[in-house]
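Report on one structure; see the data block that follows.
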Amino acid sequence: MGELPLDINIQEPRWDQSTFLGRARHFFTVTDPRNLLLSGAQLEASRNIVQNYRAGVVTPGLTEDQLWRAKYVYDSAFHPDTGEKVVLIGRMSAQVPMNMTITGCMLTFYRQTPTVVFWQWVNQSFNAIVNYSNRSGDAPITGGQLGTAYVSATTGAVATALGLKSLTKHLPPLVGRFVPFAAVAAANCINIPLMRQRELQVGIPVTDEQGQRLGHSVAAAKQGIFQVVTSRICMAIPAMAIPPVIMDTLEKKDFLKRRPWLGAPLQVGLVGFCLVFATPLCCALFPQRSSIHVSRLEPELRAQIHEQNPSIEAVYYNKGL
């Protein structure tokens, strides 16, 4: 076997990102919870393989499959724009285990006000870490902006949950089980834009098809944030809509009536099963490297791009996750 060629494009995912199936295969790999078990040394080794290959240096004996494995390990732990290592629970590979625990508990303990407040707070604390860790671009965000986003999203989620809880007191019990989903959806609409407000102020980097940076665009940031909010809400639907219906039916059966302690772990397991599929499939709804037509950019940036290269019709950006 000869040395691995240097023309493998690891700047892009292994599978065709213009198709939903290709994006789904990509995100099933990125969100694989097993990546959380990798040691710091394994992460650094993967980073070295990727960075060396990009610099034109092939690790001796490296195969193409090993290169792609290293690339996905690297992508699972390091931010694509800043290159910094993402905190463990902020990585996309932590989405399923973290969300199955938090969502399962929100759906289980939805009857009492203290538990509603506690689990909504836990959920928004986790979301704040994920949203910051997977933001688009490399623009810094201040501690004050982080605090404002966190407090606003948590307040919005708790207020939505308690408000809807009070409205459903006289409705069938099944309706009350959907209150956590409504609160999560509302909080996503608050948390993500606020956590990424810096992008809405200064824009995110946009590039041409070859990856050459052309400038920063607020219009691209708005489109990217809208796509992420949509994906997150869709991601929550199966996990927060299917288990309540199943649990409402099971809790009427003698089996669970005699074993009420099984309710919480069963609910967490159902949520986890839904999230294993919903997380990568909903991340794949929009391309990670999204595009926006030049005509939709800010006038100044549009003029600058046309001056440099009049043939460019669309620019590209990292939408975040």
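The values are calculated or read from the model by the stated rules, or taken from the named source; none is laboratory data. Keep in mind it's a predicted model, so treat the numbers as computed, not measured. Cβ: placed from backbone, ideal geometry, glycine included. Neighbour counts: every protein chain shown. Ligands, DNA and RNA are stripped out before the accessible areas are found, and what is left, the full protein with its side chains, is counted by its heavy atoms. Shrake-Rupley method; radii C 1.70, N 1.55, O 1.52, S 1.80 Å.
Please express the shape of the chain as an equivalent ellipsoid: the semi-axes are the square roots of 5 times the eigenvalues of the C-alpha gyration tensor, given largest first in whole angstrom.
On the way: eigenvalues 292, 128, 53 Å².
So the three semi-axes of the chain are 38, 25, 16 Å.
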| If you wrap the stretch 1-134's Cα atoms in a convex hull and average its projection over all directions, what's the area in nm²? | 9.9 nm²
| note | Applied in sequence order to the stretch 9-19, the curve 6.51 cos²θ - 1.76 cosθ + 1.60 (Karplus, θ = phi - 60°) yields integer Hz couplings, x standing for Gly and Pro, of 8, 8, 6, 10, x, 5, 9, 4, 8, 7, 10
| said: In whole Hz and in residue order, list the ³J(HN,Hα) couplings for the stretch 120-127 that follow from phi through the Karplus curve 6.51 cos²θ - 1.76 cosθ + 1.60, θ = phi - 60°; x for Gly and Pro. | reply: 5, 5, 4, 4, 6, 5, 5, 4
| request: Only loop residues by DSSP count here, and only those with at most 13 other Cβ atoms within 10 Å; note down the GluC sites (Glu not before Pro) in the stretch 34-124 that meet that. | output: Glu84
| remark: Packing-ranked peptide list from 205-211, 216-222, highest mean Cβ count within 10 angstrom first, is 216-222, 205-211
| Given charges of +1 on the Cβ of Lys and Arg and -1 on the Cβ of Asp and Glu, with all other atoms neutral, how large is the dipole of the chain about its Cα centre, in debye to the nearest 20? | 1520 debye
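Please state the charge dipole magnitude for the stretch 45-141, taken about the Cα centre, from unit charges on C-beta atoms (+1 on K and R, -1 on D and E), reported in debye and rounded to the nearest 20. Spell out each step's value before the answer.
Values: 8 positive and 6 negative charges, 38 e Å.
Approximately 180 debye in magnitude.
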| Dipole axis of the chain (+1 Lys, Arg; -1 Asp, Glu on Cβ), positive-most option in Pro265, Ser152, Phe286 | Pro265
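Residues of the chain: accessible area per residue at 1.4 Å, in Å²?
On a per-residue basis, the chain sits at 48 Å².
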| Relative to the longest principal Cα axis of the chain, at what angle does helix 40-54 sit, 0 to 90 degrees, rounded to 10? | 30 degrees
| request: Would you grab the residues whose amide H sits under 5 Å from the one on Ala314? Only those 5+ places off in sequence or on another chain, please, with H modelled 1.01 Å from N. | output: Val294
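Give me the orientation-averaged projected area of the Cα convex hull of the stretch 44-94, in nm², one decimal. It would help to have the intermediate numbers written out before the result.
Details: hull surface 14.7 nm².
Mean orientational projected area (the stretch 44-94, Cα hull): 3.7 nm².
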| request: Could you give me the percent of Cα pairs per 10 Å distance bin for the stretch 181-321, shortest bin first, beginning at zero and ending with the bin that holds the maximum distance? | output: 11, 31, 23, 16, 10, 6, 2, 0
| field | Percent of C-alpha pairs per 10 Å bin, the stretch 246-321, short to long | value | 15, 25, 16, 13, 12, 11, 7, 1
| With every protein chain in place, what's the accessible area of Cys234 (1.4 Å probe, Å², nearest 10)? | 40 Å²
| field | Rounded D (µm²/s) - the stretch 270-314, Kirkwood Rh over Cα pairs, Stokes-Einstein at 10 °C, 1.306 mPa s | value | 120 µm²/s
| query | Where does the chain land at 222 nm, in deg cm²/dmol rounded to the nearest 500, when only DSSP H runs of n ≥ 4 count, each adding -39500 (n - 2.57), divided by all residues? | reply | -20000 deg cm²/dmol
| Carbon + sulfur, % of accessible area of the chain - ligands and nucleic acids excluded, 1.4 Å | 62 percent
| message | Under 5 Å between amide hydrogens, which residues at least 5 positions from Ser290 or on another chain qualify, with H placed 1.01 Å from N in the peptide plane? | response | Tyr317, Lys319
| Cα centroid separation, the stretch 108-133 to the stretch 225-273 (Å) | 16 Å
| Radius of gyration and Dmax over the Cα atoms of the stretch 1-76, both given in Å | 12.8, 35
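Ranked from the most accessible area to the least, with a 1.4 Å probe and all protein chains present, what is the order of Met235, Met100?
Details: Met235 10, Met100 50 Å².
Most to least solvent-accessible, the answer reads Met100, Met235.
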| said: Please list, ordered by chain and number, the residues whose modelled amide H lies under 5 Å from the amide H of Glu12; skip anything fewer than 5 residues away on the same chain. | reply: none
